[in-house]
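The values are calculated or read from the model by the stated rules, or taken from the named source; none is laboratory data. Not measured: the values here are computed from a predicted model. Don't worry about glycine lacking a Cβ; one is built from the backbone with ideal geometry, like all the others, and counts go over all protein chains shown.
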Ligand SMILES: Cc1cc2nc3c(=O)[nH]c(=O)nc-3n(C[C@H](O)[C@H](O)[C@H](O)COP(=O)(O)O)c2cc1C
Ligand code: SF4
């Protein structure tokens, strides 16, 4: 019997949730032209009706040029009505709504840039994903760019509170904009924004402070981090603890410890079958299929799936910080859920298993040997680029199996 009941109501910051189970951000790919609509609503509503406490609209960027690709939503007045209506409709199910707030920094293939500038990171460097947009070298941000970036977090946070979000989750990990400052692999600056831990944390902490100033203390701000970049020259697990400590000291309302980066080793944050298979399946030409088949093992390192794969590392974060810690990674069965709460975590985030089974919460609550059925095939991952967005490729088969 776990100490904390995951299914009982709980408070996160000052936010009342009907339970401790949160939908992890999984970029939906359902905002064509950056506009949220019916498809995004249906996706989250189905999961909300399944009983989770808080859902997370993924990858809401702080400005148009914070998008990795054109189909991402950026937080601005042009979508105010659509977004307010979507959030209000979701809340009718009893769920609370959070949004993951991001900026891609230099990790971009977006060709629809609104500022008259290429995407930039902390330091000038080669960026593989930029090749597809004809921009293999990303310049370093100037002090003016940094001030602008911080301002985008202030504006985005104010906008989120205004349109009805209940909470926000700032992305400090996975190789995106703020993580590029945190990581010594991508931050080679020698000014006040690069060098030791304090200097590399300066921009992320200033973005957090700007967001906090905009929303006040009664609006939960969570932070997703990479405990390690798991790549040579990047953040180590030891350094990841310091990152969590700094965010805790800065007054964050909860930390979501993840790991890896989308730029260098994306499989580290998912685990399971390489996404090369899904990429090959989605490729339109025989040549691209062939390339993914041959190059896939070189492009995506293999990290086999293990249940609750970040548990031991995340426990170290939990032991160190005072704020709530929201476990994420490999919670696919009732046994996984129990293991997380027995380890003392405050909340849990679930990604893929909610794609295959939106009723995870109801089913796990009533079945002590519940298994969502997610095989960690990761075919859902490349679908972030599909015109219809993500879905579990096994979901329909599973429904058929249940009926039978
Ligand atoms: C299709 C898909 C898209 C994802 N997009 C995001 C994202 O936009 N932001 C993020 O922080 N993590 C993203 N993730 C990672 C998940 O939030 C989560 O950290 C990871 O899947 C491990 O949790 P799980 O085992 O419960 O799926 C994505 C995962 C999937 C499967
Ligand atoms: S496609 Fe379905 S079974 Fe495969 S990883 Fe995604 S959610 Fe799990």
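Here are the numbers:
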| quantity | calculated |
| --- | --- |
| Tally, over region 128-140, of residues that are surrounded by 16 or more Cβ atoms within 10 Å (Cβ to Cβ) and touching a helix residue (DSSP H, G or I) at 6+ places or on another chain (Cβ under 7 Å) | 1 |
| Every residue from region 269-287 that is away from ligand 1 (no atom under 16 Å from the Cβ) and surrounded by 13 or more Cβ atoms within 10 Å (Cβ to Cβ) | 280, 283 |
| Residue satisfying all of: in region 51-70; touching a helix residue (DSSP H, G or I) at 6+ places or on another chain (Cβ under 6 Å) and surrounded by fewer than 24 Cβ atoms within 10 Å (Cβ to Cβ); farthest from residue 121 (Cα to Cα) among these | 51 |
| Qualifying positions in region 1-32 - within 16 Å of ligand 2 (Cβ to nearest atom), touching a strand residue (DSSP E or B) at 6+ places or on another chain (Cβ under 8 Å) and assigned to a loop (DSSP other than H, G, I, E, B) | 24, 25, 26, 27, 28 |
| Residues (within 16 Å of ligand 2 (Cβ to nearest atom) and over 22 Å from residue 221 (Cα atoms)) located in region 310-334 | 330, 331, 332, 333 |
| Single unsatisfied condition, residue 35 versus (1) at pLDDT 95 or above; (2) buried (at least 24 other Cβ atoms within 10 Å of the Cβ); (3) more than 16 Å from ligand 2 (Cβ to nearest atom) | (2) |
| Pair list, Cβ under 7 Å, 6 or more apart: region 381-404 residue under 12 Å from residue 71 (Cα atoms), other residue at pLDDT 95 or above and more than 13 Å from ligand 1 (Cβ to nearest atom) | 389/39 |
| Which numbered condition residue 175 misses (of (1) in contact with a helix residue (DSSP H, G or I) (Cβ under 9 Å, 6 or more places away or on another chain); (2) in contact (Cβ under 8 Å) with a residue 60 or more places away in the chain) | (1) |
| Matching helices (runs of 4 or more DSSP H) fully within region 288-404 where at least 2 residues are surrounded by fewer than 20 Cβ atoms within 10 Å (Cβ to Cβ) | 311-320, 334-342, 360-366, 395-403 |
| Qualifying residue in region 110-122 (condition: outside any loop (DSSP other than H, G, I, E, B) and at pLDDT 95 or above) | yes |
| Where residue 250 falls short, out of the listed (1) more than 13 Å from ligand 1 (Cβ to nearest atom); (2) farther than 25 Å from residue 20 by Cα; (3) surrounded by fewer than 19 Cβ atoms within 10 Å (Cβ to Cβ) | (2) |
